[in-house]
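Asks: Mind looking over this structure? Questions follow.
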Amino acid sequence: AQSVTQPDIHITVSEGASLELRCNYSYGATPYLFWYVQSPGQGLQLLLKYFSGDTLVQGIKGFEAEFKRSQSSFNLRKPSVHWSDAAEYFCAVDPSNTGKLIFGQGTTLQVKP
Amino acid sequence: NAGVTQTPKFRVLKTGQSMTLLCAQDMNHEYMYWYRQDPGMGLRLIHYSVGEGTTAKGEVPDGYNVSRLKKQNFLLGLESAAPSQTSVYFCASSLQGTGAFFGQGTRLTVV
């Protein structure tokens, strides 16, 4: 079945440490790929997106993500986490460029001082 | 820049009551969407629209209706609310597959 999986429900990192959030998808062709962030009580904000080309994409707030076709993955990374990065992160795919997004279950990031 | 605006932000309904959620966007986007967010399930698409006057079903359309009479507005209706519809509802808009812009959400509780 077509799906988006975020294996980690909850992650805790220390401020200043590096971060990697995992995302795997199961679609035949390479879909459009997105990462969103949601702060408590807020809507979703687009961090970055991948359509084609360079497999390492840069986003806002110092985030980047790498598309790996062989692993069907689109992992989100940040070299040094700030306390303000504590939020819920969602990976999403658009399988057919229709704008209809399929979301993963989300990963909650907690940042320790 | 307002972006995507949802009203109301909070609502409590009794089982069987009806209500309409309003979404307005000022970005001239053709595509609009309604999602619901439930703990541990991410967001799931309820209905969507690819242009004024058009609507289509998403992943979880049962119990909901929508209308897109004007390009900038997308309404979500619950004709007879059920406790299973307790959720946070998000509206979004986009230029096809370029990435959606989301509203702030409506927290709905059905008792």
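Here, each number is a calculation from the coordinates, and none is a lab measurement. Just so we're clear, the structure is a prediction, and the values are computed from it rather than from any experiment. Quick reminder, even Gly has a Cβ in these numbers, built from the backbone with ideal geometry, and neighbours come from all protein chains shown.
Asks: Which residues among the range B:40-69 fall inside the zone where the amide N is under 18 Å from a point 7 Å beyond the Cα of A:SER3, along Cα→Cβ?
Replies: Backbone N within reach: B:40-45, B:59-60.
Asks: Neighbour counts of other C-beta atoms within 10 Å: give me B:ILE46, A:ILE11 arranged from fewest to most.
Replies: Ranked by crowding around the Cβ, least crowded first: A:ILE11, B:ILE46.
Asks: Report the Rg/Rh value for chain B, based on alpha-carbon coordinates and the Kirkwood definition of Rh.
Replies: Radius of gyration relative to Kirkwood radius: 0.94.
Asks: In a GNM of chain A with a 10 Å cut-off on Cα contacts, which of A:PHE63, A:PHE103, A:PHE51 has the highest mean-square fluctuation?
Replies: A:PHE51
Asks: Shifting gears a bit: Could you tell me which residue out of A:GLY62, A:LEU44, B:TYR35 lies farthest along the dipole of the protein assembly as shown toward its positive end? Charges go on the beta carbon: Lys and Arg +1, Asp and Glu -1, centred on the Cα centre.
Replies: The listed residue farthest towards the positive side: B:TYR35.
Asks: From the cross-link list B:LYS9/B:LYS57; A:LYS78/A:LYS112; B:LYS14/B:LYS70; A:LYS49/B:LYS9; A:LYS49/A:LYS112, which pairs have alpha carbons spaced over 26 Å apart?
Replies: Exceeds cut-off: B:LYS14/B:LYS70; A:LYS49/B:LYS9; A:LYS49/A:LYS112.
Asks: A follow-up question, please. I need to check one value: relative contact order of chain B, counting alpha carbon pairs closer than 8 Å and at least 6 residues apart, in percent.
Replies: 36 percent
Asks: Along the three principal axes, how long is chain A when you take its alpha carbons, biggest first, rounded to the nearest angstrom?
Replies: Extents along the principal axes, in whole Å: 42, 29, 22.
Asks: Tell me the Kirkwood hydrodynamic radius of the protein assembly as shown in angstroms, computed as one over the mean inverse distance between distinct C-alpha pairs.
Replies: Kirkwood hydrodynamic radius for the protein assembly as shown: 18.0 Å.
Asks: Could you please report the charge total around B:GLU59, scoring K, R as +1 and D, E as -1 over all other residues with beta-carbon less than 15 angstrom from its beta-carbon?
Replies: +1
Asks: Moving to a separate point now. Per residue of B:37-45, count partner chain C-beta atoms within 10 Å of its C-beta, then hand back the mean as an integer.
Replies: If you average over the peptide's residues, the count of other-chain Cβ atoms is 5.
Asks: Another question about this same structure. If the cut-off is 19 Å between C-alpha atoms, which aspartates and glutamates fall inside it for A:LYS68, apart from same-chain ones fewer than 8 positions away?
Replies: Partners within reach: A:ASP8, A:GLU20, A:ASP54, A:ASP94.
Asks: Given points 7 Å out from each Cα along the Cα-Cβ axis, report the B:ASP26 to A:SER14 separation in nanometres with one decimal.
Replies: If labels sit at B:ASP26 and A:SER14, their model points lie 4.6 nm apart.
Asks: A further question follows. Spelling out what I want: for every residue of the range A:48-54, take phi, set θ = phi - 60°, compute 6.51 cos²θ - 1.76 cosθ + 1.60 (Karplus), and round to whole Hz; glycine and proline get x.
Replies: Those phi angles translate into 6, 8, 10, 10, 5, x, 3 Hz.
Asks: Give me the Å³ per residue figure for the convex hull around the C-alpha atoms of the range B:1-63.
Replies: Cα-based convex hull of the range B:1-63, divided per residue, equals 124 Å³.
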